[in-house]
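Take a look at the structure below.
Coordinate-derived values only; no laboratory data. Note that the structure is predicted; figures quoted are calculated from it, not measured. As a convention, Cβ positions derive from the backbone with ideal geometry for all residues, glycine included, and neighbour counts pool all protein chains shown.
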Amino acid sequence: MSIQQSYVNTETSFPKLKFTELLFVEDQLQTVLQQADGLIRQTCISLLESGGKRIRPLLTLYSGMCFAPLNPLMIDAAVASELIHMASLIHDDVIDESETRRGKPTIVSEYGNHAAILTGDYLFAEAFNILSRSELLTSMNFLVKAIQAMCHGEVHQADEQFSSQVSFEEYYKRIANKTGILLAACCQSGAVLAGASAAELSLMQEYGMNLGYAYQITDDILDIEGDADSLGKPIGADLVNGNITLPILYLLDKPIYGNWLREIINVRSITPLGALSIREALLSTGCIEEAYQTATQCINKAKACLDNIPASTYKTTLLDLADTILHRKA
């Protein structure tokens, strides 16, 4: 796949936005992954060519460019953020035994657990190799904390499977760990490399965190009413796997449906027919709309964080990105 082809894939994911700076990231990603040997090189390149939205490097670059012109350190940090994300996806696929991602076979389904885990480990190592430079140690600190949070998020999700006792507070903590903290770290990473002040770093962190909340909530919604071809993965996976998402929490709060849903969840086995019944209940009770309104509130909070950031085309892009995440179909 050429750099230009990868750029087109990114643009297709967010049709209203154009991110030419990501060409530098794509170039470096290919250079880094081409250096691997044998099967790891094959699996790395396969993952890179499967596309992706490149949200994390985009946030790194544009958060930085809100405060200073693009510099090589921002690009390095952006590349590292995507390598970390790619590694986490591979490990997630091993845990979930996922057959497909982005409409293509996963590394674990094609090459097995051993190759998948080693590929993920290799990507983490390459990310830290980039971040080990003294000028990037602050960025590494942000991203290391994000990786720790992602691990906690995955463990908590496994502990909470088929549990009807999950609270809203526990849900938000889980999605912050799984998604929000990494997006916040990317925003902080880019901004700190541009010389942003402590107050500005705090605003960028809050922007990224709320963006992460909204991204995960829209994932919850798409798992219920999305399109399998657009998503590149089966619909209803969260329901079948017993992952308690925001629409499910809203349905558990409904007097008529709460006890019925608890009985289904407590059996710890949701059949395709049961998943269909839950989906119909979520739609008919307005729980999907409630979740969407919550995601909208998170996006509004994210955008409000940028109110005191200097006006620029880069700030405008971050505002547009927030809206695009809210309305995404994949």
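A few points about this structure:
- Pairs with C-alpha atoms separated by more than 22 Å, drawn from the list Lys53/Lys104; Lys178/Lys301; Lys254/Lys303, are Lys254/Lys303.
- Residue exposure sequence - Ile256, Ile90 - by fewest surrounding Cβ within 10 Å: Ile256, Ile90
- Tensor-based shape of the stretch 15-139 (alpha-carbon gyration tensor, a/c under 1.5 rounded, otherwise prolate or oblate): prolate
- Anisotropy class assigned to the stretch 85-229 is oblate, per the alpha carbon gyration tensor with a/c at or over the 1.5 cut-off and a/b no larger than b/c.
- Computed from the C-beta positions of Asn241 and Leu273 and an R0 of 25 Å, the FRET efficiency is 0.95 to the nearest 0.05.
- Taking Ser132, Ser88, Ser63 as the candidate residues, the one with maximal mean-square fluctuation in a Gaussian network model of the chain, Cα springs under 10 Å, is Ser132.
- Of interest is the spacing of the C-alpha centroids, which for the stretch 39-75 and the stretch 256-277 amounts to 40 Å.
- Less than 5 angstrom separates the built amide H of Arg101 from those of Thr106, all sequence-distant by 5 or more or on a different chain.
- Counting only trypsin sites (Lys or Arg not before Pro) that DSSP places in a loop and that have at most 13 other Cβ atoms within 10 Å, the longest clean stretch of the chain runs over 134-267.
- For the chain, built as a Gaussian network whose Cα springs stay under 10 Å, the top-fluctuating residue of Tyr292, Tyr213, Tyr257: Tyr257
- Whole-Hz couplings from phi, Karplus 6.51/-1.76/1.60, listed for the stretch 28-43; x for Gly and Pro: 5, 4, 5, 4, 5, 6, 5, 7, 5, 10, x, 5, 5, 4, 4, 6
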